[in-house]
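Contents: one structure, followed by commentary.
The values are calculated or read from the model by the stated rules, or taken from the named source; none is laboratory data. Quick caveat, the model's predicted, so the values are computed rather than measured. Here the Cβ positions follow ideal geometry from the backbone for every residue, glycine too, while neighbour counts run over all protein chains shown. Please note that ligands, DNA and RNA were not included when accessible areas were found on the heavy atoms of the full protein model with its side chains. Shrake-Rupley method; radii C 1.70, N 1.55, O 1.52, S 1.80 Å.
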Amino acid sequence: VAQQDITWAYGALFDSDIWGQIDSVIPASEVKQSIQELWIRPAIYETYRQHNIQRLNNIVPYATREGATTGLLLNDPNMVHQAVNFLDRLLTNENWLSDGIWYEESASYSDQASGNVLTTIDVVKKWVDPTDYTDTQFGIQLNNTDLAPRWPLINQFASFSSDKLIYPDGTTIPVNDSYGKKGSPQPLSIVNKGLKNIELPGLGYYALFQ
């Protein structure tokens with residue numbers, strides 16, 4: 001089960017009465033607390049640990065999104081702040097090419113990375129640090145904070161989307177993706193958004209429409 005599915009399910013059931021139906025002997029609050037402390041919270045921190053020991057990739061923004069969301073559910077400031085720290089490391093020129101595409105040079109990976117970064121920022125806007133909490137590790141303060149201005153690089157990747165890498169019939173050009181254009185005996189119709197040159201100097205990909 002993917003972590004994002006676990007987070008979604010736990011959040012959907014957070015205030016429900018399902019916890020009392022799981023075990024007739026153990027109190028509902030104890031069941032919920034056990035699942036939270038033995039599964040939900042450790043899963044996020046283990047995900048963080050794994051990402052901290054490897055090169056950041058397109059999966060990491062999924063972790064920031066789930067980490068920030070779970071931090072809100074569990075009222076865990078460290079979990080939220082670590083998600084923001086991942087964004088600090090993700091949103092650098094080391095990870096984004098000059099034309100706004102993700103460094104792994106795949107249209108789908110780029111959409112995943114940028115979309116999950118923006119979702120994480122939206123989640124963090126809902127967070128307020130407890131009055132007795134001080135972030136001694138990263139020095140971040142959060143109070144319904146819009147962090148978008150913290151990373152000017154967002155404006156750069158906002159200029160790229162997978163729509164920039166399409167054939168004239170609108171299907172995606174599989175640059176470094178594992179899927180490709182499927183052959184068809186019946187050509188697809190040309191679409192207006194496909195009638196353009198493609199000029200992505202950072203990626204090093206050019207296509208001319210004539």
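At a 1.4 Å probe radius, carbon and sulfur cover how many percent of the accessible area of the stretch 73-210? Before the final figure, lay out the partial values.
Values: 3690 of 7620 Å².
That share works out to 48 percent.
Once Rh is set to the Kirkwood radius over Cα pairs, what Stokes-Einstein translational diffusion coefficient, in µm²/s, holds for the chain at a temperature of 20 °C and a viscosity of 1.002 mPa s?
110
Using alpha-carbon positions, what is the distance between the centroids of the stretch 70-130 and the stretch 5-19, in Å?
Between the Cα centre of the stretch 70-130 and that of the stretch 5-19, the gap is 23 Å.
What is the helix-to-structure angle for 107-124, meaning the angle in degrees between its Cα long axis and the longest Cα principal axis of the chain, kept from 0 to 90 and rounded to the nearest 10?
For helix 107-124, the angle is close to 40 degrees.
At what distance in nm do the modelled label points of S189 and I22 sit from each other, each positioned 7 Å from its Cα along Cα→Cβ?
5.1
At 222 nm, what value in deg cm²/dmol follows for the chain if DSSP H runs of at least 4 each add -39500 (n - 2.57) and the sum is divided by all its residues, to the nearest 500?
Result for the chain, helices only: -12500 deg cm²/dmol.
I want to check a number: in the chain, how many lysine pairs have alpha carbons closer than 24 Å, given a sequence separation of 8 or more or different chains?
Lysine pairs meeting both conditions in the chain amount to 9.
So how compact is the stretch 1-89: Cα radius of gyration and Dmax in angstrom?
14.2, 46
Beyond 17 Å, what share of the Cα-Cα pairs of the stretch 95-188 is found? Please give it as a whole percent.
62
Taking 0.36 nm per intervening residue step and subtracting the Cα-Cα distance, what contour gain separates N176 from E199 on full extension?
6.6 nm
Quick one: how many Å² of R49 are accessible to a 1.4 Å probe, rounded to 10?
Rounded to the nearest 10, that gives 110 Å².
Mind checking the dipole of the chain: about its Cα centre, +1 per Lys or Arg Cβ, -1 per Asp or Glu Cβ, Debye to the nearest 20?
640
Calculate, for the chain, the solvent-accessible area per residue in square angstrom, rolling a 1.4 angstrom probe over the heavy atoms of the protein chains.
Normalised by residue count, the accessible surface of the chain is 56 Å².
Limiting things to C-alpha atoms, what are the Rg and the maximum Cα-Cα separation (Dmax) for the stretch 59-128, in angstroms?
Rg and Dmax of the stretch 59-128, Cα atoms, are 12.3, 38 Å.
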